[in-house]
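Chemist: The structure's right below; bear with me while I get my questions together.
The values are calculated or read from the model by the stated rules, or taken from the named source; none is laboratory data. Please read all numbers here as calculations on a predicted model, not as lab measurements. When we count neighbours, we look across all protein chains shown, and the Cβ atoms used for this are built from the backbone with ideal geometry, even at glycine.
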Amino acid sequence: MSETKIALVTGANKGIGYAIAGGLGALGYRVGVGACDEARREDAVEELRAAGVDAFGVPLDVTDDRSVTDAVEMVERAAGRLDALVDNAGISARWEQDPTTLDLDVVRTVVETNVLGVVRVTNAMLPLLRRSTAPRIVNLSSSVASLTRQTDPDIDVGPIMAAYSPTKSFLNAVTVHYARQFAGTNILINAACPGLVATDFTGFFGSRTPEQGAATPVRLATLPDGGPTGSFFEDDGVVPW
Ligand SMILES: NC(=O)c1ccc[n+]([C@@H]2O[C@H](COP(=O)([O-])OP(=O)(O)OC[C@H]3O[C@@H](n4cnc5c(N)ncnc54)[C@H](OP(=O)(O)O)[C@@H]3O)[C@@H](O)[C@H]2O)c1
């Protein structure tokens, strides 16, 4: 088996996903850049290669079964296994989301990408991950998923995002159940909060760079054996559920 570790990052054509791909590449990982848009994906691959990363493009729409099946075949052909899967692709759909006037189509769209997309990709990639000697899965969550923080009047958790935030709480809960299912195996799975990062996603609002946002996901994707699993981290440590 090749010594080079293989990673796949979903939504890696820009923002935090791109920085995670760069961070893993800098650690010597061969990185699959998962993204829908062909031009932006190939630009990202080219830029990563120019920076010395062994990157390859993986056409991937996390909401589409066929696309995910094709992505599995592509990673299998390109690398034969997967050591780290970073489920980064995510959307918010709208900044202000009042629960009393929620558009259910918006909720469905956000759940489809942020939760079902992660489950779809993770389960499809599992056979490749199981071929690794140290499989790691990281789900990009957010501190707005923390019900403890959302209900603490002393913490500013930003605007009410009644579709987006619960999808990340849902994702956290799913992460815990994966960890329970993987108990006794070598698969470690955790959720990561990148902090408030200036990307397209936030309209470039936020004090953190994509590289800073990538630090915790990269750390969790490269955990040593015996590391934590079924937990939720940010740079400063564990985020309360
Ligand atoms: N930025 C923040 O402050 C912040 C804070 C907490 C958590 N997060 C989480 O961090 C992750 C990355 O956010 P970001 O700020 O880097 O956002 P971003 O700049 O908007 O990037 C999101 C990425 O996800 C991809 N994506 C969206 N839908 C997809 C789909 N169906 N299939 C495949 N890829 C898809 C996008 O690709 P296209 O460009 O092709 O659509 C893009 O590459 C998200 O899960 C987000 O919820 C971000």
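Chemist: What number of residues within the range 124-144 are within 11 Å of the ligand (Cβ to nearest atom) and either farther than 13 Å from Ala221 by Cα or part of a loop (DSSP other than H, G, I, E, B) (or both)?
Modeler: Here the count works out to 4.
Chemist: Determine which member of the set Gly213, Gly230 is in contact (Cβ under 8 Å) with a residue 24 or more places away in the chain, in a helix (DSSP H, G or I) and over 14 Å from Ala84 (Cβ atoms).
Modeler: Gly213
Chemist: Can you report the number of residues in the range 176-210 which are of a type in the set (Val, Ile, Thr), touching a residue at least 60 places away in the same chain (Cβ under 8 Å) and in a loop (DSSP other than H, G, I, E, B)?
Modeler: Number of matching residues: 2.
Chemist: If you take the residues of the range 149-184 that are at pLDDT 95 or above and charged (D, E, K, R), which of them is surrounded by the fewest Cβ atoms within 10 Å (Cβ to Cβ)?
Modeler: Result: Asp154.
Chemist: Let me ask something else. Does Lys5 satisfy the condition of being among the basic types (Lys, Arg) and more than 13 Å from the ligand (Cβ to nearest atom)?
Modeler: Taking the combined requirement at face value, the residue satisfies it.
Chemist: Hey, another quick one. Report yes if some residue within the range 107-115 is farther than 23 Å from Phe182 by Cα and free of Cβ contacts under 8 Å to residues at least 24 places away in the same chain; otherwise report no.
Modeler: Yes, because at least one residue in the range 107-115 is farther than 23 Å from Phe182 by Cα and free of Cβ contacts under 8 Å to residues at least 24 places away in the same chain.
Chemist: Also, quick follow-up: List pairs: first residue in the range 54-72 and modelled with pLDDT of 95 or more, second residue within 12 Å of the ligand (Cβ to nearest atom) and of a type in the set (Lys, Arg) anywhere in the structure, Cβ distance under 6 angstrom, at least six positions apart or on different chains.
Modeler: Partner pairs satisfying both residue conditions: Gly57/Arg41; Val68/Arg120.
Chemist: Which residues, taken from the range 199-216, are in contact with a strand residue (DSSP E or B) (Cβ under 7 Å, 6 or more places away or on another chain) and modelled with pLDDT under 95?
Modeler: Gly206 - this is the single residue of the range 199-216 that is in contact with a strand residue (DSSP E or B) (Cβ under 7 Å, 6 or more places away or on another chain) and modelled with pLDDT under 95.
Chemist: Does at least one position in the range 161-181 carry a residue that is in contact with a strand residue (DSSP E or B) (Cβ under 9 Å, 6 or more places away or on another chain), over 28 Å from Thr109 (Cβ atoms) and more than 10 Å from the ligand (Cβ to nearest atom)?
Modeler: Within the range 161-181, not a single residue is in contact with a strand residue (DSSP E or B) (Cβ under 9 Å, 6 or more places away or on another chain), over 28 Å from Thr109 (Cβ atoms) and more than 10 Å from the ligand (Cβ to nearest atom).
Chemist: Something else: Among the candidates Thr69, Thr10, single out the residue that is surrounded by fewer than 24 Cβ atoms within 10 Å (Cβ to Cβ) and either aromatic (Phe, Trp, Tyr) or in contact with a helix residue (DSSP H, G or I) (Cβ under 9 Å, 6 or more places away or on another chain) (or both). If you could, list the steps in order and put the result at the bottom.
Modeler: Working: Thr10 fails: surrounded by fewer than 24 Cβ atoms within 10 Å (Cβ to Cβ).
Answer to the check: Thr69.
Chemist: Hey, can you tell me all the residues within the range 185-239 that are crowded, with 21+ Cβ neighbours inside 10 Å and among the small types (Gly, Ala, Ser)?
Modeler: Correct list: Ala191, Ala192, Gly213, Ala214, Ala221.
Chemist: Here's a follow-up. When only residues in the range 100-134 that are farther than 15 Å from Lys168 by Cβ and of a type in the set (Gly, Ala, Ser) count, which is surrounded by the fewest Cβ atoms within 10 Å (Cβ to Cβ)?
Modeler: In this case the residue turns out to be Ala134.
Chemist: Here's another thing I want to ask about it. Can you find, within the range 84-108, the residue that is nearest to the ligand (Cβ to nearest atom) among those that are among the charged types (D, E, K, R) and more than 23 Å from Asn123 (Cα to Cα)?
Modeler: Checking each candidate, the answer is Arg94.
Chemist: For residues in the range 19-59 being in a helix (DSSP H, G or I) and away from the ligand (no atom under 14 Å from the Cβ), which is farthest from Gly80 (Cα to Cα)? Break it down into steps so the answer makes sense when it comes.
Modeler: From the range 19-59, those in a helix (DSSP H, G or I) are 19-26, 38-50; that's our starting set.
Then drop every residue that is not away from the ligand (no atom under 14 Å from the Cβ), which leaves 24-26, 46, 49-50.
Details: Leu24: 18, Gly25: 18, Ala26: 21, Glu46: 22, Arg49: 21, Ala50: 24 Å.
Taking the candidates together, the pick is Ala50.
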